[in-house]
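Visitor: Below you will find the structure I want to go over with you.
What follows draws every value from the coordinates through simple rules; no lab data is involved. None of these values were measured; they are calculated from a predicted model. Cβ: placed from backbone, ideal geometry, glycine included. Neighbour counts: every protein chain shown.
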Amino acid sequence: MKLDSTLAAVITGGASGLGEATARLLASHGVKVGLFDVNVERGEALAHELGGVFCKVDVTSTADVDAAFAKSRAVIGQERILVNCAGVGGGAAKTVSRDRQSGEIKQYPLENFERIIQVNLIGTFRCIAKSAAGMLTLPPLADGDRGAIVNTASVAAEDGQIGQAAYTASKAGVVGMTLTIARDLSNDAIRVNTILPGIFDTPLLARAADAVKASLALQVPFPKRLGRPEEFAQVALTMITCGYFNGEDVRLDGAIRMAPR
């Protein structure tokens, strides 16, 4: 897929971090961008800067997602590109644990598990289905592509650490459905790929102390630093523009393999 000003893209979680970097890179190639996010102030400012459109969206809400796609398409046209970066972390807690002092046995709160699955997994699928349905209204481009979708998982999908059952399940689900959805959409010329980022310098780590970030960076074999959002955007760009890139899950992690804790 050749990028130019005739194309439109929707980036969920587009107001900051990985989504912002991807939106900036696509816009630098002339692509019109629609930013879906819950952060109105950052989203509107970035959309104004890039000449795009901002839509306040909770990806767990079908009504929100439908309204956002309608708004975005009215301004920049039907998107041929979707990049799913919207997601949440979650407080680490074991599936079950025993308090050493009281002996009380605690279970992981199911409401938290459900919330993480709703945002990271079901929210991603919801946006894929809605976007792909819109892409089907367009004819294929000269190179044969009708559309390209990039999802965000995590190395936790493969190296889930202690206390990460909910987050790992949500991201493993994204990885698990990538090939299936790529096959579902193959006859309609829509490609689907997923990036598994390692430890990246994003707002999720913004509250961490510098010493904690430095310690995390030292765990990366090479280069010994946190990943940069711009590097995620580079891989997303390759997945979008390379016509033979389809059905793949790619780690972007400096060769790190997460220890149990």
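Visitor: How much FRET efficiency would the formula 1/(1 + (r/R0)^6) give for Arg207 and Gln234, where r is the Cβ-Cβ distance and R0 is 35 Å, rounded to 0.05?
Guide: On the way: r = 26 Å, r/R0 = 0.75.
Efficiency, rounded to the nearest 0.05: 0.85.
Visitor: Using the beta-carbon distance between Thr95 and Val175 and R0 = 25 Å, what value does 1/(1 + (r/R0)^6) give for FRET efficiency, to the nearest 0.05? Please list the in-between numbers first.
Guide: Details: r = 21 Å, r/R0 = 0.83.
That pair, Thr95 with Val175, gives E of 0.75.
Visitor: Per 0.36 nm of contour for each residue apart, how much would the distance between Leu110 and Arg183 grow if the chain were fully extended, relative to their Cα-Cα spacing?
Guide: Values: separation 73, 0.36 × 73 = 26.28 nm, distance 3.23 nm.
Extra length from Leu110 to Arg183 when fully extended: 23.1 nm.
Visitor: Let me ask you something else. Calculate one ³J(HN,Hα) per residue across the range 141-152 by plugging θ = phi - 60° into the Karplus curve 6.51 cos²θ - 1.76 cosθ + 1.60, and present them in order as whole Hz with x for glycine and proline.
Guide: 6, 4, 7, x, 5, 9, x, 9, 10, 10, 10, 10
Visitor: If you take every DSSP beta bridge fully contained in the chain, what fraction is antiparallel? Give it as a percent rounded to 5.
Guide: Values: 3 of 31 bridges.
Rounded to the nearest five, the antiparallel share is 10 percent.
Visitor: Here is the link list: Lys2/Lys130; Lys56/Lys171; Lys56/Lys130; Lys32/Lys56; Lys32/Lys71. Which ones come out longer than 21 Å on Cα distance?
Guide: Numbers: Lys2/Lys130 23 Å; Lys56/Lys171 23 Å; Lys56/Lys130 16 Å; Lys32/Lys56 17 Å; Lys32/Lys71 14 Å.
Correct reply: Lys2/Lys130; Lys56/Lys171.
Visitor: Below 8 Å between Cα atoms, with a sequence gap of 6+, how large is the relative contact order for the chain in percent?
Guide: For the chain, the relative contact order is 20 percent.
Visitor: So, R0 is 30 Å and r is the distance between the beta-carbons of Ala70 and Cys242; what FRET efficiency does that work out to, to 0.05?
Guide: 0.50
Visitor: Mind checking the full-extension length gain between Ser215 and Thr6? Use 0.36 nm per residue of separation minus the Cα-Cα distance, one decimal, nm. Working shown, then result.
Guide: On the way: separation 209, 0.36 × 209 = 75.24 nm, distance 4.44 nm.
Here the segment from Ser215 to Thr6 would lengthen by 70.8 nm.
Visitor: Between the range 162-211 and the range 74-134, what is the C-alpha centre distance in whole Å?
Guide: 10
Visitor: If you don't mind, there's one more thing I want to ask. Provide the net charge surrounding Val155, with neighbours chosen by a C-beta distance below 9 Å and charges set as Lys +1, Arg +1, Asp -1, Glu -1. Present the calculation step by step, with values, prior to reporting the outcome.
Guide: Values: positive: Lys171, Arg251, Arg257; negative: Glu158, Asp159, Asp253.
So the environment of Val155 carries a net charge of 0.
Visitor: Would you tally the net charge around Gln234, using a Cβ to Cβ cut-off of less than 12 Å, leaving Gln234 out, and scoring K and R as +1, D and E as -1?
Guide: On the way: positive: Arg24, Arg228; negative: Glu230, Glu231.
It works out to a net charge of 0.
Visitor: Something else about it: Which of rounded, prolate, oblate describes the range 150-261, given a ≥ b ≥ c as roots of the alpha-carbon gyration tensor eigenvalues and a/c under 1.5 marking rounded, otherwise prolate only if a/b is larger than b/c? The partial results should precede the final answer.
Guide: Details: a/c = 2.58, a/b = 1.69, b/c = 1.53.
The shape class here is prolate.
Visitor: Write out the GluC sites (Glu not before Pro) in the range 48-154 meeting two conditions: DSSP loop, and at most 16 other Cβ atoms within 10 Å of their Cβ.
Guide: Working: sites: Glu49, Glu79, Glu104, Glu111, Glu114; in loops: Glu79, Glu104.
When the GluC sites (Glu not before Pro) of the range 48-154 are filtered for loop state and at most 16 Cβ neighbours within 10 Å, Glu104 remain.
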